[in-house]
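J.: This is the structure I have questions about; it appears just below.
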Amino acid sequence: MNNVYDLIIVGAGPVGLFASFYAGMRGLNTVLIETRNEVGGALTAIYPEKYIYDMVGFPKILAKDLINNLYVQSSHFNNEIKFNSQIVDIVKNEEDIFELSSKNGEVIYSKTVLITTGMGSFTPRKLPALKGLEHFEKQEYSGIKYVIKDKEKYYGQKVVIAGGGNSALDWAHDFNGNSKSVSLVHRLPDWQAHEESIEKLQGSGINVYQPWQFVGANEGDKLEYVVIEHMETKEQKTIEADLLIVNIGFLPSKTKFENLPIKVKGGAVMVEPSSLESQEVPGVFAAGDSATFEGKLKLICVGSAEAAIAVNHAAKKIDNTVSLKPQFSSNFFSDDFNKKKK
Ligand SMILES: Cc1cc2nc3c(=O)[nH]c(=O)nc-3n(C[C@H](O)[C@H](O)[C@H](O)COP(=O)(O)OP(=O)(O)OC[C@H]3O[C@@H](n4cnc5c(N)ncnc54)[C@H](O)[C@@H]3O)c2cc1C
């Protein structure tokens, strides 16, 4: 058998990143595995430009900045990260070692596993009416987009936004004043967004079309307009558009490990809340959105605490002589500690 890690962390969202840092602090030989080519999970894939207001110690912080901070923090112990590697199965062998297989055929071994796969992989929902217009998705900083990164590069254009949830309304308010025009198109009679954000639409200058739906767009290589239709009267309108932001949610594609006899509820691993360990398969832990138990809250701050609990329990499981409670974090950053490590 090749290298056997102490702990393999599957999924480099905010929770996996914090777990990786924590595993480094506990002196574990660890690797963080991520199916995408970047860290950050939902924060990078879905809402990099959104502010987060409920993060411990930050009155407000952009999702992408929080991930940068977590990445810097997790890099302190030089833990390994493997990108573009999707774990598709986990089995416990006769020697009580976990064998994790990735889609690309690699097998890696570990004494314990922490599942931080969150919502799984992220596939944005597409508008059925835009089928056949996928070439607009390839336009740089214009055309059709599902996720916006570096928003300033998109400013100054005619923008149309599809959706009626928080993300759609947040983008409408953000682009309003930074664009030639902003139109918001929602097919349902009600919004699914915060009251404050809905009220702000009044007198904002955003052209609101509700209940209207998309029925098409221009032909050619470059997006120039979209066609919308009233849900009841069937009246059609053409709206000039350089950029169409589609924010109508993501298709769930939860990770399943067919050969791991863990209990799963709502796509999340059922764990003991005090240790975040699976009762069915000791040595398997889960934290963040991919873990569940009675009264579970899916929040980044909660997931981070769960990561710390799971890693401390994993450390104790690997070596029963160590304390479950870690030392103060400052001990791991002291000159003495770093000299000893060298
Ligand atoms: C629009 C929106 C706004 C939100 N705002 C807030 C907020 O303000 N405050 C708050 O606390 N929470 C907020 N949340 C919730 C928050 O984003 C989640 O609770 C958080 O992302 C959970 O982190 P995680 O690391 O558990 O999972 P995720 O962020 O889902 O990350 C999981 C990672 O695992 C990877 N992965 C999945 N399967 C595999 C596999 N088989 N192999 C390898 N890698 C895999 C994925 O690619 C992903 O990178 C919001 C969510 C959304 C959608």
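The values are calculated or read from the model by the stated rules, or taken from the named source; none is laboratory data. In this text, all values refer to a predicted model and were calculated from it rather than measured experimentally. Note that each Cβ is placed from the backbone with ideal geometry, even for glycine, and that neighbours are counted across all protein chains shown.
J.: Taking region 40-65 as the search range and keeping residues that are out of contact with any strand residue (DSSP E or B) (no Cβ under 7 Å at 6 or more places or on another chain) and β-branched (Val, Ile, Thr), which one is surrounded by the fewest Cβ atoms within 10 Å (Cβ to Cβ)?
T.: Only one residue fits best here, namely Val56.
J.: Related question: Kindly indicate the residue of region 236-279 that is among the acidic types (Asp, Glu) and touching a strand residue (DSSP E or B) at 6+ places or on another chain (Cβ under 8 Å) and also modelled with the lowest pLDDT among those meeting that condition.
T.: In this case the residue turns out to be Glu258.
J.: Mind checking whether some residue in region 129-136 is touching a residue at least 40 places away in the same chain (Cβ under 8 Å), part of a loop (DSSP other than H, G, I, E, B) and not polar (S, T, N, Q)?
T.: Yes, there is a match, as at least one residue in region 129-136 is touching a residue at least 40 places away in the same chain (Cβ under 8 Å), part of a loop (DSSP other than H, G, I, E, B) and not polar (S, T, N, Q).
J.: How many residues, within region 27-55, are at pLDDT 95 or above and more than 10 Å from the ligand (Cβ to nearest atom)?
T.: The number of residues fulfilling the criteria is 4.
J.: Name the one entry in Thr116, Thr112 that is buried (at least 17 other Cβ atoms within 10 Å of the Cβ), under 21 Å from Val271 (Cβ atoms), more than 14 Å from the ligand (Cβ to nearest atom) and among the β-branched types (Val, Ile, Thr).
T.: Answer to the check: Thr112.
J.: Can you give me the ranges of the strands (runs of 3 or more DSSP E) entirely in region 227-342 with at least 2 residues that are touching a residue at least 12 places away in the same chain (Cβ under 8 Å) and closer than 23 Å to Val113 by Cβ?
T.: Fully inside region 227-342 and qualifying: 250-253, 268-270, 284-286.
J.: Just one of the numbered conditions (1) free of Cβ contacts under 8 Å to residues at least 24 places away in the same chain; (2) away from the ligand (no atom under 13 Å from the Cβ); (3) in contact with a strand residue (DSSP E or B) (Cβ under 8 Å, 6 or more places away or on another chain) is not true of Glu80; which one?
T.: Failed condition: (1).
J.: Follow-up question, since we're still on this one. Does Glu99 meet the test of being away from the ligand (no atom under 12 Å from the Cβ) and either outside the structural domain of Ala314 (by TED's automatic domain parsing) or in a loop (DSSP other than H, G, I, E, B) (or both)?
T.: Here the answer is no, as Glu99 does not meet what is asked.
J.: Against the condition of a type in the set (A, V, I, L, M) and in the same structural domain as Gly41 (by TED's automatic domain parsing), how does Val227 come out, does it pass?
T.: For Val227, the condition - of a type in the set (A, V, I, L, M) and in the same structural domain as Gly41 (by TED's automatic domain parsing) - is not met.
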